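Input: a single structure, listed below in structure tokens.
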């Protein structure tokens with residue numbers, strides 16, 4: 001896979017500095033090459049609404065599988081500039097069966113929420129997307145998870161300047177699954193998903209908690 005490159009001005013806006021240097025962008029791109037060597041890549045940016053205005057330097061790297069059998073991978077590049085009070089910044093990624101421009105918007109919305117100090121996202125947090133993640137899907141909520149699908153070596157990227165970037169997986173889930181997570185805990189939901197061998201890239205998948213009573217739980221909303 002060829003490393004994507006793009007010349008961008010440095011800017012400052014709102015609660016986070018979206019002025020990521022070329023060294024960090026290159027390190028992220030190389031990290032993705034190592035993880036998904038059989039993918040081609042391109043850089044995209046969501047250009048509509050307040051998200052684009054607040055984060056002019058945020059990009060989403062779209063990785064397309066060469067041939068058949070692999071998922072499309074969407075990865076933020078710039079979300080790590082948000083100060084979460086830790087020794088690392090966070091980037092988010094999403095898997096899909098297809099190319100969907102709305103996934104560039106989805107990850108931009110995730111980062112837009114993440115930049116608000118009241119709503120920093122971390123493992124176990126959920127979001128109400130306000131719409132299906134893909135057309136006609138039962139999944140309109142998002143779960144922030146460890147990158148189990150990519151293996152343990154992918155989660156942390158060590159940067160040349162001594163900093164670190166942490167990659168977290170955005171998983172589409174149903175309202176019942178979100179309620180189950182808040183009622184029973186993250187580990188219980190992840191265990192259910194693993195036991196059921198759920199293909200999270202399938203927009204038509206049924207809820208694994210279908211038919212069970214669900215208690216209302218507070219959610220972080222993306223709209």
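Counting only C-alpha contacts under 8 Å and six or more residues apart, can you give the relative contact order of segment 22-221 as a whole percent? Could you put the intermediate results ahead of the total?
Values: 339 pairs, mean separation 36.2, N = 200.
Contact order relative to length: 18 percent.
If I model a spin label at residue 33 and residue 158 as a point 7 Å from the Cα along the Cα→Cβ vector, what separation in nanometres do I get?
The modelled label-to-label distance comes out at 2.0 nm.
Would you kindly compute the Cα radius of gyration of segment 80-213 and its largest Cα-Cα separation (Dmax), both in Å?
15.0, 51
So if each residue of separation counts as 0.36 nm, and I subtract the Cα-Cα distance between residue 194 and residue 131, what length gain in nm does that give?
Values: separation 63, 0.36 × 63 = 22.68 nm, distance 2.48 nm.
Stretched out fully, the residue 194 to residue 131 stretch lengthens by 20.2 nm.
Per 0.36 nm of contour for each residue apart, how much would the distance between residue 123 and residue 97 grow if the chain were fully extended, relative to their Cα-Cα spacing? The partial results should precede the final answer.
Numbers: separation 26, 0.36 × 26 = 9.36 nm, distance 2.35 nm.
Contour length minus Cα-Cα distance gives 7.0 nm.
Which whole-number percent is the relative contact order of segment 67-169 (Cα, under 8 Å, 6+ apart)?
Values: 153 pairs, mean separation 27.5, N = 103.
Reported as a whole number, the value is 27 percent.
Per-residue counts of other Cβ atoms within 10 Å, averaged by peptide: what ranking do you get for 76-86, 141-151, highest first?
Per-residue Cβ counts within 10 Å, averaged per peptide and sorted highest first, yield 76-86, 141-151.
How do the peptides 204-210, 91-97 rank, highest first, by the average count of neighbouring beta carbon atoms within 10 Å per residue?
Values: 204-210: 15.3, 91-97: 21.4.
Ranked from most to least packed, the peptides come out as 91-97, 204-210.
With axes computed from alpha carbons, what is the tilt in degrees of helix 175-184 against the longest principal axis of the chain, rounded to the nearest 10 within 0 to 90?
90 degrees
Bear in mind these aren't lab numbers, they're just calculated from the coordinates by the rules spelled out. Only a predicted model underlies this, so the values are computations on that prediction, with no experimental measurement involved. Ideal geometry is used to build each Cβ from the backbone, glycine not excepted, and the neighbour counts take in all protein chains shown.
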